[in-house]
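Below you'll find the structure, written out as structure tokens, and then a few comments.
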Amino acid sequence: MTDQKIRIGVLGASGYTGADLVRLAVRHPNIEITVLTANAHAGKPMEAVFPHLRGLNLPDLVKIDEADWSAVDAVFCGLPHGTTQQITANVLKKHPDVKFIDMSADFRLRDADTYQQWYGNPHVAMDLQKEAVYGLTEHYGEQIAKARLVACPGCYPTAVLNAMLPLVSAKLIDPSQIIIDAKSGVSGAGRGLKQNTLFCETGEGMSPYAVGTHRHAPEIEQEIGVAGGQSVAVSFTPHLIPMSRGELCTHYVTCTEGASVDDLRNALAAFYAKNPFVHVLSEGDMPATQHVRGSNNILIGVFADRILGRAIVISALDNLIKGSAGQALQNFNLMFGLSEMTGLKQVALFP
């Protein structure tokens, strides 16, 4: 283990993802947190915004335009889409050696027209969009290790793609026949005040949202299309469930001719055999969100459908850790030549 200290800044530290990134980073042996930004809370200590982060000797929050970029070696960006691209461009123009790990959506989509279609505004940093490496760690690790700018996937794509890509690449399932039923805890909607995430609106119930229009769909289609060598469209419907964190995705897939459910499970198990975070469960074992809460793990289970020729693949993760801050830290580790497990060995919190 190297004893190097890498100075980091966290943009958008007042959000749930930013807070979890800070919580993980303070226990990382190679990280020194030097900059924390939150425009609405500038001048406050971090513990005033998140009391659970008390006593950690963190720098006070500052506005983005007050940040000292010369004091950072890497930036984790948890800002809303549309704002990240300009800030990233400005910082890298003056400080080209700084490495960026972006947790927003601004650099995930490779096609500028697709980005504008789904996010409503043109991309203003096209060169950086082309430079960015998609940060699905288990599938782009070598490219991430050499990157200056990494675009971390969304939480749903992380759960979906880690379950689907090995099967698509091995031609064990038909990439044009994927149906995804996804469920996420309320933290996935962010910390901002919204009526549909109030306790009385979400408690004791479950509801779909963004049906047929969720912005993670083109991201999923992009990567499945790359793996399968063809353009695809997936049926993807997310649901809000009354818990703070956790995500469960159920994928209904059509097996290719001659492929069995055992073939699917064995292919996934072989692909992730040496991976520390993705665990393919034995036949009959069920993925559950309470078994990944607070950890950087993904659980994947494979089951036979009662319909001949179809299978059901289920994945579970913590949307704030493996679906966001944990994966970002995993990518950071690779970018700085560290073990990808550094700072990420937390066991799931249960019960």
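What follows is calculated from the coordinates using simple rules that are stated; it is not laboratory data. It should be emphasised that the depicted structure is a prediction, and the values quoted were computed from it without experimental measurement. All Cβ positions, even for glycine, are placed from backbone atoms using ideal geometry, and neighbour counts span all protein chains on display.
Side notes on the structure shown:
- Integer Hz, Karplus 6.51/-1.76/1.60 couplings in order for segment 223-236, x for Gly and Pro: 6, 5, x, 5, 5, x, x, 7, 6, 9, 10, 10, 8, 9
- Exceeding the 22 Å Cα-Cα cut-off - candidates LYS5/LYS322; LYS93/LYS146; LYS5/LYS130; LYS5/LYS345: LYS5/LYS322; LYS5/LYS130
- Volume per residue of the convex hull around the Cα atoms, evaluated for segment 98-251, comes out as 127 Å³.
- Part-to-part distance (alpha-carbon centres) for segment 262-297 and segment 1-58, which is given in Å: 30 Å
- Candidates MET103, MET164, MET126: whichever shows maximal mean-square fluctuation once the chain is modelled as a Gaussian network with Cα springs under 10 Å: MET126
- For segment 6-131, the percent of C-alpha pairs falling in each 10 Å distance bin, counted from 0 to the bin holding the largest distance, reads 13, 44, 31, 11, 1.
- Burial ordering of ASP3, ASP174, fewest other beta-carbon atoms within 10 Å first: ASP3, ASP174
- In Å, descending, principal axis extents of the Cα set of segment 264-325: 39, 23, 17
- For segment 69-117, fraction of C-alpha pairs farther apart than 17 Å, in %: 35 percent
- The C-alpha atoms of the chain define a longest principal axis, and helix 84-94 lies at about 50 degrees to it.
- Ellipticity at 222 nm from helices only: DSSP H runs of n ≥ 4 in the chain, each -39500 (n - 2.57), divided by the residue count, give -8000 deg cm²/dmol.
- For segment 21-118, with +1 on Lys and Arg beta carbons and -1 on Asp and Glu, the positive-most of LEU24, ILE101, VAL91 along the dipole: LEU24
- Low-density loop cleavage sites - GluC sites (Glu not before Pro) in segment 136-204, where at most 12 other Cβ are within 10 Å (DSSP): GLU204
- Least to most buried among LYS171, LYS194 (fewest other Cβ within 10 Å first): LYS194, LYS171
- Residue order, fewest to most surrounding Cβ atoms within 10 angstrom, among LYS44, LYS274, LYS322: LYS274, LYS44, LYS322
- Counted over all Cα-Cα pairs of segment 236-342, pairs farther apart than 24 Å make up 32 percent.
- Per-pair calculated FRET efficiency, R0 = 25 Å: VAL211 and LYS146 via Cβ, rounded to 0.05: 0.05
- Rounded to 10°, Cα long-axis angle of helix 326-335 versus longest principal axis of the chain: 70 degrees
- Highest-MSF residue in the chain out of LEU172, LEU36, LEU79 [GNM, Cα springs under 10 Å]: LEU172
- Shape parameters for segment 156-319, alpha-carbon atoms, Rg then Dmax in Å: 15.8, 50
- Degrees, to the nearest 10: 16-25 long Cα axis against longest axis of the chain: 80 degrees
- Listed candidates (1) 139; (2) 150; (3) 164 - label of the one calculated as volume of the Cα convex hull per residue in Å³: (1)
- Each Lys and Arg adds +1 at its Cβ and each Asp and Glu adds -1 at its Cβ; summed about the Cα centre, the chain shows a dipole of about 560 debye.
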